[in-house]
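Visitor: This is the structure I have questions about; it appears just below.
Any read-out appearing in this document is the output of simple, stated calculations on the displayed coordinates, not a laboratory observation. Computed from a prediction, not measured in an experiment: that's the story for all the values here. With ideal geometry, Cβ positions are generated from the backbone for all residues, glycine too; neighbour counts draw on all protein chains shown.
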Amino acid sequence: MSVTIVERLVPDGLWELFQRLVPDAPIRRQGGGRRRYGDREVLAAIMLVATSGCTWRQTPETFGPSWSTVYRRFAEWSKARVWSKLHRLVLDELGRKGELDWSRCAIDSVNMRAVKGELTGPNSVDRGKKGSKIHLVTERTGLPLSVGISAANTLDSLGLEPLIRGIPPIRSRRGPRRRRPAKLHADKGYDYDHLRMWLRSRRITPRIARGGVESSTRLGRHRWTVERTVSWLGGFRRLHRRYERKAEHFLAFTGIAVAIICHRRLAG
């Protein structure tokens with residue numbers, strides 16, 4: 001039974017990619033100690049926490065490792081930036097197959113309530129309660145290229161430059177790696193002239209709605225893909241409300257979510 005659950009949560013294709021990135025297990029020079037549980041079983045338990053939103057202590061015993069082992073391995077892999085590397089590796093595979101459309105990209109953010117932790121602040125859309133914010137850039141079809149987190153009271157516009165810089169050089173079916181979209185669509189929250197100038201300096205055409213001048217409806221014809229991706233993030237229950245004290249761990253769950261979203265396209 002446990003094997004079936006593990007294979008469902010961690011398909012063979014995802015496991016093959018993950019094996020390229022997982023750090024080597026530490027070696028006990030003095031020998032002895034308990035047998036180390038397999039990385040695939042631990043990864044499956046982490047995926048369950050990310051998708052179902054259950055606590056670490058609620059991790060089913062059918063996976064084998066205890067909840068403390070799962071959490072400890074999650075913390076080790078997060079510190080090693082395994083999740084962002086996995087996201088980039090999946091993007092490379094998509095780019096190699098020509099599945100990424102660089103003609104248009106879109107940027108957006110989403111707020112969620114936070115119980116505690118670093119990078120939290122009053123949420124203006126949730127009666128001032130503490131919250132955090134996820135920022136993301138997607139390519140034309142909605143696949144996330146770059147993600148970041150901040151306190152809920154951070155202006156959306158402050159996330160634009162770090163997100164664009166954070167797009168990794170991704171493989172292409174033909175030619176060199178690519179990391180720059182042709183156009184960037186954004187709502188009025190990014191309506192600043194210095195951002196338009198900065199995008200043009202990087203040879204990216206800005207398509208940003210102007211407050212009091214343009215309607216967001218027209219831009220919505222291209223921005224709906226990033227809004228759909230935001231709804232996909234909602235399928236990862238661990239992101240509905242932030243429980244992680246460390247910002248590093250909250251970013252890790254976000255990285256897991258976008259890596260899985262991209263891998264679904266790759267597997268499909």
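Visitor: Once amide H atoms are placed 1.01 Å from N in the peptide plane, what residues at a sequence separation of 5 or more from S146, or on another chain, have their amide H within under 5 Å of its amide H?
Guide: V137
Visitor: Still on this structure, I have one more. Could you give the size of the charge dipole of the stretch 147-217 about its Cα centre, using +1 on the Cβ of each K and R and -1 on the Cβ of each D and E, expressed in debye and rounded to the nearest 20?
Guide: It comes to approximately 820 debye.
Visitor: Taking the Cα centre of the stretch 101-245 as origin and charging only Cβ (+1 Lys, Arg; -1 Asp, Glu), how large is the dipole, in debye to the nearest 20?
Guide: 540
Visitor: Which value, in Å³ per residue, describes the convex hull spanned by the Cα atoms of the stretch 101-245?
Guide: Convex hull of Cα atoms, per residue: 120 Å³.
Visitor: I need C54, C262 ordered by Cβ neighbour count within 10 Å, fewest first.
Guide: The fewest-first ordering by Cβ neighbours comes to C54, C262.
Visitor: Another one. What ranking do H185, H240 get, fewest neighbouring Cβ atoms within 10 angstrom at the top?
Guide: Ascending number of Cβ neighbours within 10 Å: H240, H185.
Visitor: Here's a follow-up. Do the sum for the chain: with -39,500 (n - 2.57) for every DSSP H run of n ≥ 4, divided by all residues, what is the mean residue ellipticity at 222 nm, to the nearest 500 deg cm²/dmol?
Guide: So the calculated ellipticity at 222 nm is -13000 deg cm²/dmol.
Visitor: What residue among I204, C54, P23 has its Cα farthest toward the positive end of the dipole of the chain, where the charges are +1 on Lys, Arg and -1 on Asp, Glu, each on the Cβ?
Guide: Highest projection toward the positive end goes to I204.
Visitor: Right, here's the next one. Specify which residue in the list V90, P162, S132 is farthest towards the positive end of the charge dipole of the chain, using unit charges on the beta carbon of Lys, Arg (+1) and Asp, Glu (-1), about the Cα centre.
Guide: So the residue furthest toward the plus end is P162.
Visitor: Beta carbons within 10 angstrom, averaged per residue: use that to sort the peptides 158-164, 228-234, highest first.
Guide: Descending packing order for the listed peptides: 158-164, 228-234.
Visitor: Also, quick follow-up: Arrange the following residues from fewest to most other Cβ atoms within 10 Å of their Cβ: W198, W67, W77.
Guide: Ranked by crowding around the Cβ, least crowded first: W198, W67, W77.
Visitor: Okay, moving on. Report the convex hull volume per residue for the stretch 39-86, counting only C-alpha atoms, in Å³.
Guide: 71
Visitor: Under unit Cβ charges (Lys, Arg +1; Asp, Glu -1), what dipole magnitude, rounded to 20 debye, does the chain have relative to its Cα centre?
Guide: 460
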